[in-house]
Structures are given as structure tokens and as C-alpha cells.
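I have placed the structure first, in the form of C-alpha cells, so that the comments after it can refer back to it.
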């Protein structure tokens, strides 16, 4: 049996997409038969794996071992470096007892520690990038202060690793361009299980969006499309399942009110995974109206896409390379020009024009989704690690 450690500085008791991604990555490895050790943080010292299980409404598999470290403050300084140092000490002790087969992290801040584990202990180490900092000339959208720090870390340490596990192929191609000698593999995320299909979804005409309400997510384009549909006599409702904070929520609320659509749009705010799942069962179409920026075009693998596939919900999304890595226009749904409310409205009208065609989209989502179950993603990740 392989033995793998997965570390992420994420605080598991915060409302962040990274919480879901981290838990499910480790879950997938454990479901694939790997002895998995997950190292994460929590703000509250009493926060435990039981709290995580309650949050997600599921039990951890026996092979998933939790190591939840309380956020530390030393000499008046609160830093993720304390977390990395403590985890590395723990990994050394573990490796000296029973060798580790691999260590994985999605944190650019962990790169120096990963490189050290490989050079000093010979442990294979893998970085799972969620962005791209190697060439900042391509990234005018980034905060210069943080970007510069992560740029230096990626430039200095990626070449010292065993390989990269990228979110999708377009991101992997970027890294291969700069690190041609390094194994760089696409290892997409996924979802835990298929949910029961609600046959009343088509007639409900409920358009759903799940996730952050940041401007780059394109939620305003969905509101524009709803406005067009209403003016044309369409009877649709929208539910925005998310909103990480009041700043995000108030901005989109103001836009909705200005359009006079407040009676047709519901915003839930950030809710638990269980609550998200309950609402996703009701939606007729899952919308991904991503704006056309570098991150959305080449780097993202949206959690919401896998949420939609898990419910076999037809998808309408922006026609960007990152999205085309996962779904095809006319198969699992419809891809439209980014930032085009008219095109989005037309696609919504098209998808509801024929219930038989709608059911074909549903069946295609089921077929495509099979390969994105986390158990299958864990096996795929395991194979990539073995081959590197």
C-alpha cells in the first residue's frame, strides 16, 4: 500500500473553496486505496475531523488520517511558516518510521519545504498549482506584491521537484513550456458521488450558479441574461449559491436591484456543502459565465462544474480553453461567448426549447461525470505519481 501526505495551509473552519478541494483530494486518494495523511490548519484549537465530517455530511474513509494543526502565533507573528515547519518535522518522523511514497501540496509557500524533503530524504514531491506565477508578463491581473513573492518561489523551486499535478491540460501546457524536463501532468479535480435526478427540474426553469460572486466569475452577465429573458416574456428564476462575504453579496445585490430583478434572484450566502447539495438538486441548468481573463482562460477548473456534473445538470458556460478541457459544446450543455449576456440568454432559451434534448444533456453529464468521481481522480493521480 502506498503512503502519501497531502498538505495545505488552508484553515478548515473557514468559508473557502479550498476547504472543499483539499478534503476531496485527500478523500479521493484514500478511496483509491492509499494510506493518506492530510495536514491542514484550523483557527479554533478544538476543531476536529468530526467537524469536517459534519460539515460535509459524510464519513472519512479509514485510510484518511487527519492532522489538523491550530493556527500558531510565535513572538507576536502569525505566519503559515510555523505550519510548514511543524508539518515537515512530522513528515521526517513518519518517513524514518515507514517511508513515504510521495508528498503533495497546492501551496506555493510550501515549495521550499517540498524541495528540501526531496533533496534530503529522497521523498518524491509534487506541486499542485492553482495559478501560474512563473512569467508575470502574462499576468497583469495579479496583485503585484503577492505575485512577486510567488513568482520567485515557483522560478526557484519547481525545477527541484518530482513533478507537477495541474488542474487541467491548458495549465499543464503553460508549465511544460517553462519546465520542459519536468514531468507535468494534468490531474483534474472531481466530485464524490452522483446525486439523485429530479424529473421536475426541466419545468422548474431555475438557473443556478454556485461559488464566489467575484466580478471575474461573471455573475453580472447571468443577471444581464435574466434581464433579457424577462423582457422577452421568459419565466425564469436564478439562485446564486454562494457569496464569500457581504462585500461580494452587496455588490451583486445592487446590480440586481438596479435591473429590477430582486423578485427573481435569490442569494444564499456561503453555506455548508450539505446545504449546497440540497439546492443543487433543484436547479434546471448550471451556469458558468466566466469572464475572459487569463486565469479563467487557462488556469481554472471550477468546482461548480463538478457540482453540476454530480447532479447531471446541463451546463451553460463560457467558451474558454479551460472549460473545453472538460465539456464539449452541444454535449453536456452549451458553450457561449464570454461576457455576452445576449448569447447566454439565447443559450438558456435553446436549452429549454426541447425536453428530449434537455434529457440528452442530462445523460451526457452522467456519462462524462463517471471519470470525474473523486475515487477515479485519486486512482489517476496515483498512476501519475507512479509514472513520474
Go through the stretch 276-288 and give me each residue that's buried (at least 21 other Cβ atoms within 10 Å of the Cβ) and assigned to a loop (DSSP other than H, G, I, E, B). 283, 284
Determine, yes or no, whether residue 323 is in contact (Cβ under 8 Å) with a residue 24 or more places away in the chain, in the same structural domain as residue 221 (by TED's automatic domain parsing), within 30 Å of residue 232 (Cα to Cα) and in a loop (DSSP other than H, G, I, E, B). no
Checking residue 316 against (1) farther than 26 Å from residue 134 by Cα; (2) without any contact (Cβ under 8 Å) to a residue 40 or more places away in the chain; (3) in a helix (DSSP H, G or I), which single condition isn't satisfied? (3)
Without any contact (Cβ under 8 Å) to a residue 60 or more places away in the chain, surrounded by fewer than 19 Cβ atoms within 10 Å (Cβ to Cβ) and under 30 Å from residue 104 (Cα atoms): which single residue out of 179, 194 fits that description? 179
Kindly check whether there is at least one residue in the stretch 208-221 that is closer than 25 Å to residue 356 by Cβ and either outside the structural domain of residue 297 (by TED's automatic domain parsing) or under 25 Å from the mean Cα position of the chain (by Cα) (or both). yes
Flag for residue 376 being out of contact with any helix residue (DSSP H, G or I) (no Cβ under 6 Å at 6 or more places or on another chain) and under 22 Å from residue 197 (Cβ atoms): yes
Condition check: at pLDDT 95 or above and closer than 23 Å to residue 215 by Cβ. Does residue 284 satisfy that? no
Quickly run through the stretch 289-306 and pick out the residues that are assigned to a loop (DSSP other than H, G, I, E, B) and free of Cβ contacts under 8 Å to residues at least 40 places away in the same chain. none
Grab the helices (runs of 4 or more DSSP H) fully contained in the stretch 201-260, keeping just those with 3 or more residues being over 21 Å from residue 338 (Cβ atoms) and out of contact with any strand residue (DSSP E or B) (no Cβ under 9 Å at 6 or more places or on another chain). 246-258
When the stretch 287-305 is examined, which residues are found to be farther than 15 Å from residue 212 by Cβ and in contact with a strand residue (DSSP E or B) (Cβ under 8 Å, 6 or more places away or on another chain)? 292
Is it fair to say residue 262 is under 12 Å from residue 208 (Cα atoms), without any contact (Cβ under 8 Å) to a residue 40 or more places away in the chain and surrounded by fewer than 20 Cβ atoms within 10 Å (Cβ to Cβ)? no
Yes or no: the stretch 373-380 includes at least one residue that is in a strand (DSSP E or B) and either under 22 Å from the mean Cα position of the chain (by Cα) or on the phi > 0 side of the Ramachandran plot (or both). yes
Kindly provide the set of residues from the stretch 332-358 that are surrounded by fewer than 17 Cβ atoms within 10 Å (Cβ to Cβ) and in contact (Cβ under 8 Å) with a residue 12 or more places away in the chain, ordered by number. 337, 342, 349, 350, 355
Looking at 228, 249, 293, 267 in this structure, which one is over 26 Å from residue 191 (Cβ atoms) and surrounded by fewer than 22 Cβ atoms within 10 Å (Cβ to Cβ)? 228
Residue within the stretch 47-59 that is within 26 Å of residue 115 (Cα to Cα) and either at pLDDT 95 or above or surrounded by 15 or more Cβ atoms within 10 Å (Cβ to Cβ) (or both) present: no
Taking the stated definitions as given, is residue 12 at pLDDT below 95, within 23 Å of the chain's Cα centre (by Cα) and under 22 Å from residue 275 (Cα atoms)? no
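The values are calculated or read from the model by the stated rules, or taken from the named source; none is laboratory data. Worth saying up front: this structure is predicted, and the values here are computed from it rather than measured. Note that each Cβ is placed from the backbone with ideal geometry, even for glycine, and that neighbours are counted across all protein chains shown.
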